[in-house]
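**Q** First, the structure itself, so that you have it in front of you.
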Amino acid sequence: MHFYGLHIIDWMIIALYLGALIVIGRWTRKKIKNTGDFFQAGRSFGKVMTSFLNFGNMVSADQAAGVTREIYRQGLSGVWFQNLVLFITPFYWFSSVLQRRARYVAPGDIYEHRFQSKFLSGLFAVYLLLSAIYGSSLGYLITGKTMQAVLVKPETECTTAEKQSMAEFREMKILEAKQSANQITTDLNRLSYLHELEKRGEIKASISYLDLTTFYIIYGLVTAAYVIMGGLFAAAYTDVLQSIMIFFLSTALIPVGLHALGGFSGLHAKVPDAMFNLFGSGAGSEYTWYFVLTMVIVNLIGLAPRNFTVGGSAKDDSSARIGMVTGAFAKRLIIIGWALTGVIAVGLYADKLSDATFIWGTMTLDLLGTGFVGLMIASVLAANMASKAGSSLEWSAAFTKNILLPLRPQITDKKQLLIGRLVIFLVLIGGIGFAYAVDDIFVVFKYVLSIGTVIGPAIWLVYFWRRLSTKAVIVQMVLSIMITIVVPNIIPAISSIRQSPALTVETKGYTEASQVRAKESDVKIGLAKTTGEKILKSITVQPVAIYFDKVERVNPEDPNSIKEGKGVFKFQLWMLSKLGLPLKEFSKAGLSTASFAFDIIFPFIVLFIVSLLTKPNSEKVLREFYARVHTPAIADRELDSLEVQKRIDDPEIAERDKIFPYSNWEFPKPTRKDIWGFAACWAGVAIIIGLYIVIMSFGS
């Protein structure tokens with residue numbers, strides 16, 4: 001018995017999972033006595049619970065679907081869509097203890113204390129809430145599209161318009177194959193027209209039963225429900241269940257996918273060799289080594305130690321450290337499963353999908369049987385809810401402690417708890433609007449990385465440079481918000497600018513020929529006699545927009561129609577063009593790299609210059625702050641407070657712990673545990689890279 005494309009057993013498994021979340025939420029609600037319990041679980045978690053909590057907070061099904069989507073588009077190098085955090089993992093050995101030792105609750109507390117500025121604290125909270133609403137759209141977008149691919153409508157039930165949409169998509173893929181084989185001559189205008197329709201989302205490979213609005217609302221409400229009831233306790237306990245389900249999600253499609261392809265040898269027979277490169281090097285590759293490097297740096301800056309909810313829940317330094325690093329490496333390992341699933345998807349569905357975001361759902365529907373489909377859908381929901389649960393508590397703490405409390409200092413803890421719960425609901429529902437505004441997850445992902453540089457540079461310097469001043473942080477944040485958030489979102493609303501010929505320019509398209517080993521698909525269209533034969537194959541790289549996410553013709557049927565920009569305006573690239581950079585000659589990866597380079601360098605320049613020109617902060621406040629940062633956190637609250645106070649009263653203790661005593665630089669002397677732990681983390685990084693190389697070489 002099927003309902004909306006799924007067997008009733010699958011629907012029952014999904015309902016059972018959602019019901020379990022509500023039960024856990026109601027059970028953990030009894031543990032919530034105050035905001036400290038709600039936001040940080042009373043700082044009571046040891047190594048095991050902290051590991052599960054960090055793993056759940058770091059992993060999301062939108063990441064898994066995003067990796068497979070990028071690998072489908074770009075080959076194995078698409079794994080860097082998420083795996084760029086691999087090179088950041090060793091730094092968690094230090095950042096985990098920094099955010100625990102800060103001993104704050106809300107993210108803006110660090111600004112209010114260190115810079116004596118309620119304005120700066122509130123500004124940061126507002127920024128965090130706005131970026132959280134935008135960032136949460138990524139989870140909605142990918143989860144929704146994954147569900148759409150599972151709940152696919154048979155062509156016999158499609159309308160005439162829907163059938164035509166699918167027929168035109170198939171026609172486009174046939175013409176693209178002819179173009180790759182240098183067999184296309186008179187159909188170039190038709191192909192150009194179909195590409196314009198694809199940009200606008202008017203042609204699709206399949207049609208779904210699922211109404212995205214209904215799904216988004218249900219998904220957001222269930223996630224909000226159990227977190228609102230049980231706070232961080234609920235997030236942590238559900239993460240134990242969700243971690244098991246995430247492992248299933250990450251591995252279940254691999255054996256059945258390989259079986260369908262004929263094992264690893266069948267995989268290599270169907271997937272081009274270039275798609276097994278860990279770093280993109282072919283025509284049009286978006287994941288070149290230099291782009292990955294800049295993404296790693298941007299991500300490291302954006303992931304500054306500021307998560308005082310999840311990060312502050314560990315009972316001591318050791319629990320914070322082991323929990324964060326263990327959770328992080330567990331994620332790095334399952335990304336290998338996502339990567340292999342993505343490569344398998346290339347072998348199964350090359351050029352058959354209108355939207356690569358549908359891959360996970362399509363593979364689930366095609367390869368898994370009744371019951372397992374429901375379990376996979378529940379696992380997708382579990383992975384997304386696990387990450388949203390922890391993040392939503394950070395957003396709630398930001399509003400409650402850094403915006404509401406300064407405005408209403410007499411408000412009771414009970415009312416703060418009530419309003420904090422309401423904020424979780426509003427932010428999760430608010431993300432639905434942005435899910436409709438952006439259709440390309442890679443665009444969202446890069447933008448989220450960019451806005452992370454608004455606050456990341458200042459927070460890193462907070463921990464290590466005493467000379468950083470309040471005015472410098474205010475100036476840098478305001479300028480960065482204008483450049484990264486305000487201007488890029490206002491410009492597209494002005495039609496005269498959006499349609500300006502100077503701003504709708506694109507890079508130069510080109511065709512690149514290279515010698516490759518023939519695959520089964522090449523033999524089928526007559527490019528080779530046998531698989532493995534060396535052939536010359538052309539890859540056409542389409543022009544890409546420079547200053548917008550994409551550029552479309554207002555009238556797709558008229559090749560002379562004016563163009564207009566769509567999506568976010570890339571203000572950083574516009575400024576770089578004024579410095580003389582020949583952006584028309586750049587590749588897509590080159591444009592992204594240039595934009596990220598600006599985001600990395602500009603904030604630090606502003607912070608250093610303005611700090612040196614303005615008055616430093618109060619010595620009393622600086623002494624208190626750095627005494628906390630240099631004092632290891634211990635589980636006994638009373639003893640912990642005494643140790644902090646000891647360093648405040650006697651600054652010489654903290655000075656002796658510094659690499660550069662009596663200077664403005666607050667780098668602590670590394671202990672043996674610091675050095676060996678950091679080295680072990682890098683060894684783990686090397687092992688994981690080795691696993692990629694070994695696994696992807698099977699059957700070659």
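**Q** With a 1.4 Å probe and all protein chains left in place, how much of the accessible area of region 316-381 comes from carbon and sulfur atoms, in whole percent? Could you put the intermediate results ahead of the total?
**A** Working: 990 of 1560 Å².
That fraction is 63 percent.
**Q** Let me ask something else about it. Given a 1.4 Å probe and every protein chain left where it sits, what share in percent of the accessible area of region 590-700 is carbon and sulfur?
**A** Details: 4250 of 6230 Å².
Percent of accessible area from carbon and sulfur atoms in region 590-700: 68.
**Q** A further question on this structure: Let me check against my output: what whole-number percent is the relative contact order of region 550-649, with C-alpha pairs under 8 Å and at least 6 apart? List each step's numbers first, then the result.
**A** Details: 44 pairs, mean separation 14.4, N = 100.
Computed over region 550-649, the figure is 14 percent.
**Q** What helices does the chain have that are whole DSSP H segments, at least 24 Å long along their own axis by Cα, and with mean Kyte-Doolittle hydropathy of -0.5 or more? Provide the component values of the computation, followed by the final result.
**A** Numbers: long enough: 8-29 (32 Å, 1.41); 118-150 (48 Å, 1.08); 160-180 (30 Å, -0.91); 212-251 (29 Å, 1.49); 317-349 (47 Å, 1.11); 372-399 (40 Å, 1.06); 413-437 (37 Å, 1.30); 588-613 (38 Å, 1.87); 672-697 (38 Å, 1.41).
Membrane-span-like by this criterion, though nothing is claimed about a membrane: 8-29, 118-150, 212-251, 317-349, 372-399, 413-437, 588-613, 672-697.
**Q** State the extension gain, in nm to one decimal, for the chain segment bounded by LEU691 and GLU619, taking 0.36 nm per residue of separation less the distance between their alpha-carbons.
**A** 20.9 nm
**Q** Next question, about the same structure. On average, how much accessible surface per residue is there in region 564-603, in Å², for a 1.4 Å probe, leaving out ligands, DNA and RNA?
**A** Numbers: 1690 Å² over 40 residues.
Ligands and nucleic acids excluded, the result is 42 Å² per residue.
**Q** Would you mind working out the accessible area per residue for region 223-295, using a 1.4 Å probe, and quoting it in Å²?
**A** Details: 2440 Å² over 73 residues.
With all protein chains present, region 223-295 gives 33 Å² per residue.
**Q** Take ILE562, project a point 7 Å from its Cα along the Cβ direction, then tell me which residues of region 454-496 have their backbone nitrogen under 16 Å from it.
**A** Backbone N within reach: 492-496.
**Q** Using a basic spin-label model with each label point 7 Å from the Cα along Cα→Cβ, how many nm lie between ALA177 and PHE279?
**A** For the pair ALA177/PHE279, the computed spacing is 3.5 nm.
**Q** Output the peptides 577-590, 218-231, 331-344 sorted from most to least packed, where packing is the average of other Cβ atoms within 10 Å over each peptide's residues.
**A** On the way: 577-590: 14.1, 218-231: 21.9, 331-344: 23.5.
Ranking the peptides 577-590, 218-231, 331-344 by packing returns 331-344, 218-231, 577-590.
**Q** If each residue of separation counts as 0.36 nm, what is the full-extension length gain between VAL240 and ALA680 once their alpha-carbon separation is subtracted? All intermediate terms of the calculation are to be shown ahead of the outcome.
**A** On the way: separation 440, 0.36 × 440 = 158.40 nm, distance 2.58 nm.
Value of the extension gain: 155.8 nm.
**Q** Return a whole-number percent for the relative contact order of region 190-310, with Cα pairs under 8 Å and 6 or more residues apart as the contact set.
**A** Values: 22 pairs, mean separation 13.8, N = 121.
Dividing the mean separation by the residue count of region 190-310 yields 11 percent.
**Q** Summing Lys, Arg as +1 and Asp, Glu as -1, what charge do residues with Cβ under 15 Å from the Cβ of GLY420 carry, GLY420 excluded?
**A** Every neighbour counted, the sum reads +3.
**Q** Please list the radius of gyration and Dmax for region 42-106, considering alpha-carbon atoms only, with Å as the unit.
**A** For region 42-106, the Cα radius of gyration and maximum Cα-Cα distance read 15.4, 45 Å.
**Q** Then there's this: Run lengths n ≥ 4 of DSSP H only: what is the helix-derived mean residue ellipticity at 222 nm for the chain, with -39500 (n - 2.57) per run over all residues, to the nearest 500?
**A** Working: 30 runs with 442 residues, N = 700.
Only helices count here, giving -20500 deg cm²/dmol.
**Q** Ranking request for peptides 288-298, 313-323: highest mean number of other beta-carbon atoms within 10 Å first, then the rest in descending order.
**A** The peptides rank, most packed first, as 313-323, 288-298.
**Q** Here's something else I'd like to know. Set the bar at 24 Å for Cα to Cα. Now go through LYS508/LYS566; LYS508/LYS550; LYS30/LYS388; LYS163/LYS270; LYS563/LYS588 and name every pair that lies beyond it. Walk me through the numbers on the way to the answer.
**A** Working: LYS508/LYS566 19 Å; LYS508/LYS550 14 Å; LYS30/LYS388 22 Å; LYS163/LYS270 29 Å; LYS563/LYS588 19 Å.
Those over the limit are LYS163/LYS270.
**Q** Here's another thing I want to ask about it. Between ALA350 and ARG672, what is 0.36 nm times their sequence separation minus the Cα-Cα distance? Round to one decimal in nm. It would help to have the intermediate numbers written out before the result.
**A** On the way: separation 322, 0.36 × 322 = 115.92 nm, distance 5.06 nm.
Contour length minus the Cα-Cα distance gives 110.9 nm.
**Q** Here's another thing I want to ask about it. For region 45-121, with every protein chain kept in place, what is the accessible area per residue (1.4 Å probe, Å²)?
**A** Details: 1640 Å² over 77 residues.
Heavy-atom accessible area per residue stands at 21 Å².
**Q** Ignoring ligands, DNA and RNA, what percent of the accessible area of region 460-499 is carbon or sulfur (1.4 Å)? The partial results should precede the final answer.
**A** Values: 1140 of 1550 Å².
Using a 1.4 Å probe with all protein chains present, region 460-499 comes out at 73 percent carbon and sulfur.
**Q** Show which lysines lie in cross-link reach of LYS145 when reach means a straight Cα distance below 17 angstrom and same-chain residues fewer than eight apart are skipped.
**A** LYS153, LYS199, LYS204, LYS352
**Q** Sort the following peptides by mean Cβ neighbour count (other Cβ atoms within 10 Å, averaged over residues), highest first: 38-51, 479-492.
**A** On the way: 38-51: 22.1, 479-492: 18.3.
Listed from highest to lowest mean packing, they are 38-51, 479-492.
**Q** Using only the alpha carbons, work out the radius of gyration and Dmax of region 571-623 in angstrom.
**A** Looking at region 571-623, its Cα Rg and Dmax stand at 16.9, 53 Å.
**Q** Let me have the relative contact order for the chain, percent, based on Cα pairs under 8 Å that are six or more residues apart. Spell out each step's value before the answer.
**A** Details: 1154 pairs, mean separation 174.3, N = 700.
Computed over the chain, the figure is 25 percent.
**Q** Quick one: Cα centre-to-centre distance for region 452-481 and region 676-696, in angstrom?
**A** Between the Cα centre of region 452-481 and that of region 676-696, the gap is 33 Å.
**Q** Quick check on the chain: what does the Kirkwood estimate of hydrodynamic radius come out to from the alpha carbon pairs, in Å? Kindly include the intermediate steps, with their values, before the conclusion.
**A** Numbers: mean 1/r = 0.0374 Å⁻¹.
It is 26.7 Å.
The values are calculated or read from the model by the stated rules, or taken from the named source; none is laboratory data. All values derive from a computational prediction rather than experimental measurement. Methodologically, a virtual Cβ is constructed for each residue, glycine included, from the backbone with ideal geometry; neighbour enumeration extends over all protein chains shown. For accessibility, only protein heavy atoms count, side chains too; no ligands or nucleic acids. Shrake-Rupley method; radii C 1.70, N 1.55, O 1.52, S 1.80 Å.
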